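The values are calculated or read from the model by the stated rules, or taken from the named source; none is laboratory data. Here the structure is a predicted model, which is why all the values come from computation and not from measurement. Cβ coordinates were reconstructed from backbone atoms using ideal geometry, including for glycine residues, and neighbour counts include every protein chain displayed. We work out accessible area using only protein heavy atoms, side chains counted, and drop any ligands, DNA or RNA first. Shrake-Rupley method; radii C 1.70, N 1.55, O 1.52, S 1.80 Å.
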Amino acid sequence: MLILSFLYAGCSNVEKSKKEVNLKLEDSIAKLQLRQENSIKDAMTGLDSVKALIRNQYSIDTTGYTFILEGDFSAEGNEGKAFYKENKIDKIEITFYGETGKSYYVYKFMNKMVNVSQQRFNYRTNFTEVKSGNDIIKAEQHNFTTDLNGKLSKGGHPDADLATFHELKKVVPFDLN
């Protein structure tokens, strides 16, 4: 009888341990699923977060949004600013800095079309030694028109950079509504 009671107690402890392990496992799985769902929501609402930030600034008479594009756009970085009128994108200006020069892009939004100007500048010297405008030489310029999907509609050149426009669409909201 004594042996049977020990066996019963041992088996019930094993069952209790299995239940605890299962509960911990289910809890861990639920936490992982929640983390994954939140990551997906964050990715999907990235532009929504930017829109909210701009709207908050906009309400205190700020008409621009400063940003940096992530990725391999230029050796020395970039900086851009988006300007809004009546909750719609009006213009984007972005400068890409490099060791031998810089590029200045302007996107002017007009209804469903975008006029693009991409101007390249070369440095006469090392970029760390540039002291004034005399150290910068205007180089090639590309002007073209694209639709909001980034499809070239007028002008253009084989060296025109449409890829940057597609990246801008991912990080800069075109409509604040």
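Here are the numbers:
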quantity: Residue count, the range 102-114 (criterion: in contact with a helix residue (DSSP H, G or I) (Cβ under 8 Å, 6 or more places away or on another chain) and either open to solvent by less than 20 Å² (accessible area, probe 1.4 Å) or at positive phi (or both)); calculated: 2
quantity: Qualifying residue in the range 106-122 (condition: farther than 18 Å from L69 by Cα, in contact with a Lys or Arg (Cβ under 9 Å, 6 or more places away or on another chain) and aliphatic (A, V, I, L, M)); calculated: yes
quantity: Qualifying position, being out of contact with any Pro (no Cβ under 6 Å at 6 or more places or on another chain), farther than 21 Å from T145 by Cβ, in a strand (DSSP E or B) and open to solvent by 20 Å² or more (accessible area, probe 1.4 Å), among E79, E93, E99; calculated: E79
quantity: From T128, T145, residue being of a type outside the set (D, E, K, R) and either at pLDDT 95 or above or not in a helix (DSSP H, G or I) (or both); calculated: T145
quantity: Test for S117: is it open to solvent by less than 80 Å² (accessible area, probe 1.4 Å), polar (S, T, N, Q) and in contact (Cβ under 8 Å) with a residue 24 or more places away in the chain; calculated: yes
quantity: Qualifying residue in the range 162-169 (condition: of a type in the set (K, R) and out of contact with any strand residue (DSSP E or B) (no Cβ under 9 Å at 6 or more places or on another chain)); calculated: yes
quantity: The one condition in (1) part of a strand (DSSP E or B); (2) under 18 Å from D72 (Cβ atoms) that F165 fails to fulfil; calculated: (1)
quantity: Considering residues of the range 122-151 that are of a type in the set (A, V, I, L, M, F, W, C) and surrounded by 14 or more Cβ atoms within 10 Å (Cβ to Cβ) only, the residue farthest from G98 (Cα to Cα); calculated: L148
